[in-house]
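Take a look at the structure below.
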Amino acid sequence: MSRGPARRRMVPSYLAAQGGVTPTVFSLQPLTALRATGLPPGPAHTPGQQRLLDLLSGGALSVSETAAYLDLPVSMCRLLAAQLIDDGCLRAEVPLPDALAPDETAPRPSAGLLKEVLNGLLSLR
Amino acid sequence: MSSIPETAAGILGGTTLVGAAGAALLARSRSALRGRLRERTAELSRSELDVGSAQAKYAQLLAELRHLVTNRLPAQVQNVESSRFPVPGPLHPDLAEAAELGQSVLDLLAGSVEKSRRRVDASAQAALRGASTDIQALLFQLQTRITELQMKAESVEPDIARVFFEMDHLNEQVARRVQRAAIVCGGWPGMVRPDTFLSEVVSGAQSRLAGYERIKVTSQLPDPRTGVAGRVAEPLAVALGELMANALEHSRDDLEVQVALMQGDSGTVSVVVDDAGTGMTPEAIRRGRRLVSGEDREDLLLTELGDPPALGFAACGRLAADHGFRIEIGQVSPYGGTRAVVSIPPDLLTEMDEEEQMSALAAGTAAPPRSPHVTAPAGPEDFAGPGAREDGGESAGSPAAASSAPAEPASSSEPAPPADANDLPQRRRRNRAAQEAAAPARPVDPDRAAAVWDQFQQGVRSGRSDGEDGDNSENSGEDEK
């Protein structure tokens, strides 16, 4: 039978939760910005949560970005961040693209335009 | 007629003589007869004695045979399985030949029972090994699917996300059991790994167990970049997993299992697993030590491991003996339970490449030399505390500035020249970008690139000529808007 590319990764991402993640808040979106409040992690926090706090000690990041940096599924980062928000170590802010817009009235590039640019770039390959 | 009486007298005398002689004869023959009778009687009593002793011997032999069949043979069969069952000796050791024959029967029986036992066990092991290999491969595939699902599910309900993670965990536990069975049956751990951080190996082992959240790992390694050679990464993970599982199993559900990583002066790294359980009985320690030593791993029979077979220590022993690390069990932990120590000699250790990133979840990453970017921003201008960052974000009005700031929090965001030499390889962002770029960028064909740029230039040229030749209506229209 074919063994294929299947192999067992050494550290699975569910380990981040250490079994005990039951956040009360769960409104985080992948683009929600996370910002550290400066409260240090407690002893009960898992290595994954501590790494998340470490990562955010340099500034705000979106949930998706933290997931990419930590090499974790976004859903796990949402769980971890929600728990840390509960514990007061993190603060969630408006999703980044909105925050990045200089002001509410400034028009953002339309999806159509972005798609055209993407197509152009892809056709260059 | 005077002759008649003479004759008669003569006859009478003769008769008397004859009679006397006859009487003497008779007397002699009677005594002879009596003598023979005595002899016969003696003979008879002698032969009666012989018959008696023969009967007694016969009875002894019969008893000996009965003893052989009813007591010694069954005991010998049991003795083959375990030396705990002694084989009784012969009833009458003075019957030397019978005792010898009996012993040879027993030896023959023991030999053939042992042989068939090994044959049956070997085929059971082969069957289990074959089945495990296939199941293992399928479980790895299942794991890949589950991981894909986790990665795709960005904004599902938390309950569903949690189910994905639980499925993953269940799958890992099944994989561990299957893998363990395969190893005890002489299979290999099922995969080749690259060199791996020791902390990752420990966390990986931890992740495969039910109740892994009770395991607390502390790393006291002087160098957090200590790794193990790829060939022992998986075997170590399996062995550590089994030892931790044992610790979890033998301690109460609310007790922690402490795992410590430390390096001795000789360079040997030890992973110490301490539980606070009830400890092991002397018998269990003796047995466990024999198993984890892996000395008689080739003679190991599944049937010796109990029902259901206790595979953990046996798997540990095989792996340790095959891959050159050492396992000790049976010491008393500081918490009153059992201590298990895995010693990894320096020749199995390696220092990981600077480019390798340790998993964010690996044990001991929160130890004093924390993740690289925390130690990196030594310069005050670089260390952006929450307040500082907020100021920066607000003052930098342009989206570009704001987006670049949070995009590189992992290290010095503006390249800080002095610290760069050490810090650069540790920057996750850079690595990630490099990895992603590396894959598609490598097969660049110069001719194809030239063709692409040629087309681009042609396009630009034709666009310009169109603009020059054609009307300016488009531009003017744009202006009017």
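The values are calculated or read from the model by the stated rules, or taken from the named source; none is laboratory data. Every value quoted in this text rests on a predicted model; they were computed, and no experiment measured them. Positions of Cβ are backbone-derived with ideal geometry, glycine not excepted, and every protein chain shown enters the neighbour counts. Please note that ligands, DNA and RNA were not included when accessible areas were found on the heavy atoms of the full protein model with its side chains. Shrake-Rupley method; radii C 1.70, N 1.55, O 1.52, S 1.80 Å.
Taking each residue of B:211-219 in turn, how many C-beta atoms of other protein chains fall within 10 Å of its C-beta, and what is the average? Numbers along the way, then the final one.
Values: counts 1, 4, 6, 2, 1, 2, 1, 0, 0.
What the average comes to for B:211-219 is 2.
I'd like the distance between the alpha-carbon centres of region A:52-93 and region B:322-337, rounded to an integer number of Å.
One Cα centre to the other: 38 Å.
How do A:R91, B:R464 stack up against each other in accessible area, from largest to smallest, with a 1.4 angstrom probe? Each step should come with its number before you reach the end.
Working: A:R91 95, B:R464 160 Å².
These residues rank, largest area first, as B:R464, A:R91.
Give me the extension gain from B:A8 to B:W188: residue separation times 0.36 nm, minus the current Cα-Cα distance, reported in nm with one decimal. Intermediate results must be reported in sequence, preceding the final value.
Numbers: separation 180, 0.36 × 180 = 64.80 nm, distance 12.93 nm.
Here the segment from B:A8 to B:W188 would lengthen by 51.9 nm.
Provide the buried accessible surface between chains A and B in square angstrom, both chains summed, 1.4 Å probe, rounded to the nearest 100.
Numbers: alone 8700 and 30330 Å², together 33550 Å².
Buried area between the two chains comes out at roughly 5500 Å².
Please compute the average number of Cβ atoms from other chains found within 10 Å of each residue's Cβ in peptide A:63-72. Can you show the working numbers first?
Values: counts 2, 2, 4, 2, 2, 3, 8, 5, 6, 5.
Across A:63-72, the average partner-chain Cβ count within 10 Å equals 4.
How high is the relative contact order of region B:1-134, given as a whole-number percent (alpha carbon pairs under 8 Å, six or more residues apart)? Can you show the working numbers first?
Working: 41 pairs, mean separation 21.5, N = 134.
Reported relative contact order: 16 percent.
Projected onto the charge dipole of region B:197-256 (+1 at Lys/Arg Cβ, -1 at Asp/Glu Cβ, origin at the Cα centre), which of B:G230, B:S199, B:H250 gives the Cα projection farthest towards the positive end?
Result: B:G230, furthest along the dipole toward the positive end.
Quickly rank B:241-251, B:33-43, B:272-282 as a protection proxy: mean count of other C-beta atoms within 10 Å, highest first.
Values: B:241-251: 23.6, B:33-43: 10.0, B:272-282: 19.2.
Those peptides, ordered most packed to least, come out B:241-251, B:272-282, B:33-43.
Suppose R0 equals 41 Å. What FRET efficiency, 1/(1 + (r/R0)^6) with r the Cβ-Cβ distance, do B:E81 and B:R231 give to the nearest 0.05? Don't skip to the answer; put the middle values down first.
Details: r = 37 Å, r/R0 = 0.89.
With R0 = 41 Å, the Cβ-Cβ based efficiency is 0.65.
From the P(r) of region B:266-360, could you give the percentage of C-alpha pairs in the tail past 20 Å?
Values: 2126 of 4465 pairs.
Tail of the P(r) past 20 Å holds 48 percent of the pairs.
What is the average number of partner chain Cβ atoms found within 10 Å of a Cβ in A:41-48?
Values: counts 1, 0, 2, 0, 1, 3, 12, 7.
Rounded to a whole number, the mean comes out at 3.
Rounding to the nearest 20 debye, state how big the charge dipole of region B:109-259 is about its Cα centre with +1 on each Lys and Arg Cβ and -1 on each Asp and Glu Cβ. Please list the in-between numbers first.
Values: 18 positive and 20 negative charges, 173 e Å.
Using Cβ point charges on Lys, Arg, Asp and Glu, region B:109-259 gives about 820 debye.
Quick one: Cα centre-to-centre distance for region B:9-43 and region B:254-268, in angstrom?
115 Å
Quick check: from the Cα gyration tensor, does region B:229-318 come out rounded (a/c under 1.5), prolate or oblate?
Details: a/c = 1.81, a/b = 1.13, b/c = 1.60.
In terms of gyration-tensor shape, oblate.
May I ask you to order B:319-325, B:451-457 by the average number of other C-beta atoms within 10 Å around their residues, highest value first? Walk me through the intermediate numbers first.
Values: B:319-325: 20.0, B:451-457: 11.3.
Sorting B:319-325, B:451-457 by mean packing, highest first, produces B:319-325, B:451-457.
Subtract the Cα-Cα distance of B:A56 and B:T278 from 0.36 nm times their separation in residues, and report this length gain in nm to one decimal.
Values: separation 222, 0.36 × 222 = 79.92 nm, distance 5.95 nm.
Net length gain for the segment: 74.0 nm.
Between B:T218 and B:D347, with labels modelled 7 Å along Cα→Cβ, what's the label distance in nm to one decimal, could you check?
Going from the B:T218 label point to the B:D347 one covers 3.3 nm.
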